[in-house]
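Shown next, in structure tokens, is the structure this report addresses.
The values are calculated or read from the model by the stated rules, or taken from the named source; none is laboratory data. Everything quoted here is computed from the prediction, not taken from an experiment. Don't worry about glycine lacking a Cβ; one is built from the backbone with ideal geometry, like all the others, and counts go over all protein chains shown. Ligands, DNA and RNA are excluded from the accessible area calculation, which covers all protein heavy atoms including side chains. Shrake-Rupley method; radii C 1.70, N 1.55, O 1.52, S 1.80 Å.
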Amino acid sequence: MSYLKIDHVDKSFQRGAQTTAVLDDICLEIGQGEFVSVIGHSGCGKSTLLNIVAGLTPISAGAVLLEGREVRDPGPDRAVVFQNHSLLPWLTVYDNVALAVNKVFAGQKTRSERHDWVMHNLDLVQMAHARDRRPAEISGGMKQRVGIARGLAMKPKILLLDEPFGALDALTRAHLQDSVMQIHAALGNTMIMITHDVDEAVLLSDRIVMMTNGPSARIGEVLDIRLERPRRRLELVSDRTYIAAREAVLKFLYERHRFVEAA
Amino acid sequence: MGHAALKDAPAGAAIVALPGAKPPGVVPLPPPAGRSRTRRLLPWLGTVLVNVLPPLVTVALIALFWQIAASGPQSSLPPPTKIWEEARDLIVEPFYWVGSQDIGLGWRILVSLQRVAIGFSLAAIVGVLLGSLVGQSVWAMRGLDPVFQVLRTVPPLAWLPLSLAAFRDSQPSAIFVIFITAIWPVIINTAVGIRNIPQDYRNVARVLRLNQLEFFVRIMVPSAAPYIFTGLRIGVGLSWLAIVAAEMLTGGVGIGFFIWDAWNSSRLSDIIVALIYIGIVGFALDRLVALVGSIVTRGTLTH
């Protein structure tokens, strides 16, 4: 039995008398410890898909099953790393993570255990040094690190990353991708990442789910990336499997499902 | 020349040992000054002068103009010099106490401030709670907002007869007038602040499964704090406006009644002194709420 099962999910939004179909018959099974990327052009509903798994957006038809149980509401077992970090600006870095830890582990850990767990997760993303800073005082990349720490600190069954590095410059992005790969290798989390960056998808994923253009977006293709881990970006530049995978995704996105700008 | 010297220097040589010209970009530090205290005080003194001098000049000019305008024999208002003669005790001794009705303006201000403090605190608490409800629930907004919009246009003093009838005492009536005056801006601004909480923060709360109370304390209030304090600041200003008017009618020892009393016994100089007191206290109240707001909301405004 698969760990996470997205079973014939449809999603349409209703505005007045008009109904817009966003997702059409999405079926996907993800195993424990797998890293899956969802890629597609803007507006294809990939973020909607992630929000459905998170439980933040209600489903129109179908179901999402985590370990055989249907999920309907959001919860800390499906932690989300939001695109714009969504740290609470009035809390320090430490307090942002502690808010999650204190809520999720309220009855299970003692006060000092919770403190240690917050610091452990900040260490994991190399942000322990900035524990007393506020989000406004740290860079975009650092904010996203804290966002990842907050997600990991919930000990989720599955970590959902919604274009986590989209707003970062290329160098910071590469740095954070490496961090995510290390964390994934060390902890073996199941992760779903939404992205529109082909290299990022190929570098990080075990599988890439490619979405067709909306409305009524479907899963067009699923590509297995059979690359050894740990992966090093410099070695991969000339790796045949990497190049082939990259080409396959690019061809899907730019030949068969070119983005048609709505006039 | 400096560069050539750098090349010739042996590997271990310190840069300080460069002969001839100083290395570019290195500015020698001034020797530690003995008069550093004065140096640090001078700019501070400068800012004080820049901020204090212009209003002082303005006040002096107004006083001068007033003196000239009110000095004529038919003048109905007293000039500053006459005010000083007649109301000197009020100006120099705000906290004297002779009898129950012969007390310094400082005491009267304190009595009025106490009423404002009670009425305004109630308005702040009830206003934030009601505003949160209206901001959070669509149905509460549909039901309550039109009512609020109508009620908030009622002038403060129009509530006074009703409130006197209900409470049968001047003290709670005055407090109620303060309350009903200050609450509307608090409600309306809180509701706007709550409605403007970014969806991201709500999503964070949903993923964490924060309950209603946790959401209110952890997300809603801090996120809406800048709006709430805008409402509180408007509210405290309106309270101070209303208390003077309310006290004129209810009597007692407040600053408002003092003005009314002075008018009835034609002590115009006393009225003018009281006006200045009221203005300064109102200004201080406004700044106080703004200061508390800027301390509480630090970090909230910037993203």
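Of all residues in the range A:68-78, none are in contact with a Phe, Trp or Tyr (Cβ under 9 Å, 6 or more places away or on another chain), under 23 Å from residue A:27 (Cβ atoms) and more than 11 Å from chain B (Cβ to nearest Cβ). Within 14 Å of another protein chain (Cβ to nearest Cβ), more than 27 Å from residue A:238 (Cα to Cα) and touching a Phe, Trp or Tyr at 6+ places or on another chain (Cβ under 8 Å) - does that describe any residue in the range A:186-197? No. Among the residues making up the range B:37-59, those that are open to solvent by less than 100 Å² (accessible area, probe 1.4 Å) and of a type outside the set (A, V, I, L, M, F, W, C) are B:38, B:43, B:46, B:47, B:54, B:55, B:58.
Take residue B:200 and decide whether it is of a type outside the set (A, V, I, L, M) and more than 14 Å from chain A (Cβ to nearest Cβ). Criteria not met by residue B:200.
Tell me yes or no: at least one residue of the range B:227-234 is under 30 Å from residue B:84 (Cβ atoms) and charged (D, E, K, R). Within the range B:227-234 (the criterion being under 30 Å from residue B:84 (Cβ atoms) and charged (D, E, K, R)), the answer is no, since none of the residues qualifies. Scanning the range B:169-210 for residues that are within 28 Å of residue A:152 (Cα to Cα) and hydrophobic (A, V, I, L, M, F, W, C) gives B:197, B:204, B:205, B:207, B:208, B:210.
Is it the case, given these coordinates, that residue A:86 is within 14 Å of chain B (Cβ to nearest Cβ), hydroxyl-bearing (Ser, Thr, Tyr) and touching a residue at least 40 places away in the same chain (Cβ under 8 Å)? Here the answer is yes, as residue A:86 does meet what is asked.
Report yes if some residue within the range B:182-196 is surrounded by fewer than 22 Cβ atoms within 10 Å (Cβ to Cβ), at negative phi, part of a helix (DSSP H, G or I) and hydroxyl-bearing (Ser, Thr, Tyr); otherwise report no. No, the range B:182-196 contains no residue that is surrounded by fewer than 22 Cβ atoms within 10 Å (Cβ to Cβ), at negative phi, part of a helix (DSSP H, G or I) and hydroxyl-bearing (Ser, Thr, Tyr). Within the range A:45-56, which residues are open to solvent by 20 Å² or more (accessible area, probe 1.4 Å) and either aliphatic (A, V, I, L, M) or within 13 Å of chain B (Cβ to nearest Cβ) (or both)? Correct list: A:47, A:51.
Out of curiosity, is residue A:169 surrounded by fewer than 19 Cβ atoms within 10 Å (Cβ to Cβ), over 16 Å from the mean Cα position of the chain (by Cα) and under 30 Å from residue A:135 (Cα atoms)? The answer is yes for residue A:169. Checking the conditions here, which among A:63, A:98, A:79 is outside any helix (DSSP H, G or I) and either without any contact (Cβ under 8 Å) to a residue 24 or more places away in the chain or open to solvent by less than 10 Å² (accessible area, probe 1.4 Å) (or both)? Unique residue meeting the criteria: A:79. Considering the range A:172-263, there are no qualifying strands (runs of 3 or more DSSP E) wholly inside with 3 or more residues that are among the hydroxyl-bearing types (Ser, Thr, Tyr). The lone criterion from (1) open to solvent by 10 Å² or more (accessible area, probe 1.4 Å); (2) under 21 Å from the mean Cα position of the chain (by Cα); (3) of a type in the set (Ser, Thr, Tyr); (4) more than 14 Å from chain B (Cβ to nearest Cβ) left unmet by residue A:37 is number (1). Of all residues in the range A:1-34, those being aromatic (Phe, Trp, Tyr) and buried (at least 16 other Cβ atoms within 10 Å of the Cβ) number 1.
Considered as a group, the residues in the range B:214-256 that are outside any helix (DSSP H, G or I) and in contact with a Ser or Thr (Cβ under 7 Å, 6 or more places away or on another chain) include one that is farthest from the other protein chains (Cβ to nearest Cβ), and that residue is B:251.
Taken together, A:123, A:162, A:132 contain a single residue that is within 13 Å of chain B (Cβ to nearest Cβ) and either surrounded by 19 or more Cβ atoms within 10 Å (Cβ to Cβ) or under 28 Å from residue A:34 (Cβ atoms) (or both), which is A:162.
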